[in-house]
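> Following this message is one structure expressed as structure tokens.
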Amino acid sequence: MKEKIGICVAIIFILTAVGTVSGEDLSIIDISPQEKTVSVGSTFTLNINITPAEPISAAACNVTFDPAILQALDVSNGGMFDGWWDDVVPGGLIEINNTAGKISYIAATSSYNVTEEGTFAIITFQAISTGISYVNIEDATIHGKSPPDIIVINGSVTVIEGDTTPPVITLEDYPASVINYRDVHFEWNATDDVTAYQNILFSYKLEGHDSSWSSWGYIKQKDYYNLDAGSYTFRIKAKD
């Protein structure tokens with residue numbers, strides 16, 4: 001009887017590590033700030049920033065927005081690249097369409113590789129109506145790569161009613177109406193129906209001592225020393 005011999009087939013293989021691409025390996029193009037609140041009638045800017053994951057020398061994109069809420073006024077070079085195509089192309093390259101709510105052909109190149117985060121473009125908008133407008137980056141390319149090989153982060157603008165009410169000032173610490181000492185201290189604050197208290201600006205003047213109003217600033221207290229005998233009036237004004 002013939003002996004049956006089984007044939008053993010051995011498969012030898014080498015398993016190599018499979019590389020994966022994480023978010024940290026991708027360049028990012030984003031709207032900054034990502035969220036912004038403005039009032040009707042105000043003019044403001046949004047930046048398009050790029051964070052390179054590798055040396056880059058070119059970028060381009062379009063931007064869309066709600067034309068019933070925002071109108072684009074201008075797009076300028078953010079300075080990240082030294083070749084701004086709107087300056088290079090005769091007659092300009094960038095197209096602003098406030099009917100469709102689209103900015104087209106924002107593009108730049110560089111004569112050298114850029115490795116640091118920077119501002120690619122600066123867009124100036126005017127708020128014309130209340131509501132929320134999403135500001136979206138479309139058709140983005142960074143150094144020849146587009147999504148999903150780059151990360152796009154869009155933004156939004158919330159437009160509220162215009163602020164027509166001035167801040168309300170509260171004098172929190174002040175001398176009595178009649179004093180017999182020469183050093184005085186004042187403290188104040190203000191509130192507003194729209195502007196956060198920390199963003200309110202103040203100017204003050206001690207009539208009888210100061211020749212002019214102080215520069216606008218966020219200071220909320222003032223000391224005066226060695227005042228001469230006499231009558232003084234301390235005035236404060238606020239703006240937002």
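The values are calculated or read from the model by the stated rules, or taken from the named source; none is laboratory data. Since the model is a prediction, treat every value here as computed from it, not as a measurement. Positions of Cβ are backbone-derived with ideal geometry, glycine not excepted, and every protein chain shown enters the neighbour counts.
> Out of (1) assigned to a loop (DSSP other than H, G, I, E, B); (2) modelled with pLDDT of 95 or more; (3) not aliphatic (A, V, I, L, M), what's the single condition that is false for PRO90?
Answer for PRO90: the failing condition is (2).
> Among the residues of the range 133-153, what is the count of those that are within 22 Å of THR37 (Cβ to Cβ) and out of contact with any Asp or Glu (no Cβ under 8 Å at 6 or more places or on another chain)?
Number satisfying all stated conditions: 2.
> Further, regarding this structure: Select from the range 115-129 the residues that are surrounded by 20 or more Cβ atoms within 10 Å (Cβ to Cβ) and of a type outside the set (Phe, Trp, Tyr) and write down the one among them that is farthest from GLU161 (Cα to Cα).
My answer is ALA121.
> Could you check the range 68-82 and list, in sequence order, the residues that are assigned to a strand (DSSP E or B), aliphatic (A, V, I, L, M) and surrounded by fewer than 18 Cβ atoms within 10 Å (Cβ to Cβ)? Reasoning before the result, please.
Initial filter on the range 68-82 (assigned to a strand (DSSP E or B)): 70-77.
Now restrict to residues that are aliphatic (A, V, I, L, M): 70, 72-73, 75.
Result: LEU73, single match.
> Here is a follow-up. Among the residues of the range 124-145, which ones are under 18 Å from MET80 (Cβ atoms) and among the small types (Gly, Ala, Ser)?
Answer for the range 124-145, where residues must be under 18 Å from MET80 (Cβ atoms) and among the small types (Gly, Ala, Ser): ALA140, GLY144.
> Which residue pairs have Cβ atoms closer than 8 Å, lie 6 or more positions apart in sequence or on different chains, and pair a first residue in the range 37-56 that is free of Cβ contacts under 8 Å to residues at least 40 places away in the same chain with a second residue that is among the small types (Gly, Ala, Ser) and buried (at least 17 other Cβ atoms within 10 Å of the Cβ)?
These pairs meet every condition: ALA53/SER27.
> Of the residues THR109, THR124, THR170, only one is over 24 Å from THR43 (Cα atoms), polar (S, T, N, Q), in contact (Cβ under 8 Å) with a residue 40 or more places away in the chain and in a strand (DSSP E or B); which? Even if it seems obvious, please write down each step before you answer.
Numbers: THR124 fails: over 24 Å from THR43 (Cα atoms); THR170 fails: in contact (Cβ under 8 Å) with a residue 40 or more places away in the chain.
Within the list THR109, THR124, THR170, the selection yields THR109.
> From the list THR233, THR158, which residue is within 30 Å of LEU26 (Cβ to Cβ) and hydroxyl-bearing (Ser, Thr, Tyr)?
Result of the check over THR233, THR158: THR158.
> Turning to a different aspect of this structure: Pairs, please: C-beta under 6 Å, at least 6 apart or cross-chain, first residue among the polar types (S, T, N, Q) and in the range 68-93, second surrounded by 14 or more Cβ atoms within 10 Å (Cβ to Cβ) and not in a strand (DSSP E or B)?
Filtered contacts from the range 68-93: GLN71/ASN98; GLN71/ILE128.
> A follow-up question, please. Determine whether the range 130-138 contains at least one residue that is in contact with a Gly (Cβ under 9 Å, 6 or more places away or on another chain), over 16 Å from ASP30 (Cβ atoms) and small (Gly, Ala, Ser).
Checked the range 130-138: at least one residue is in contact with a Gly (Cβ under 9 Å, 6 or more places away or on another chain), over 16 Å from ASP30 (Cβ atoms) and small (Gly, Ala, Ser).
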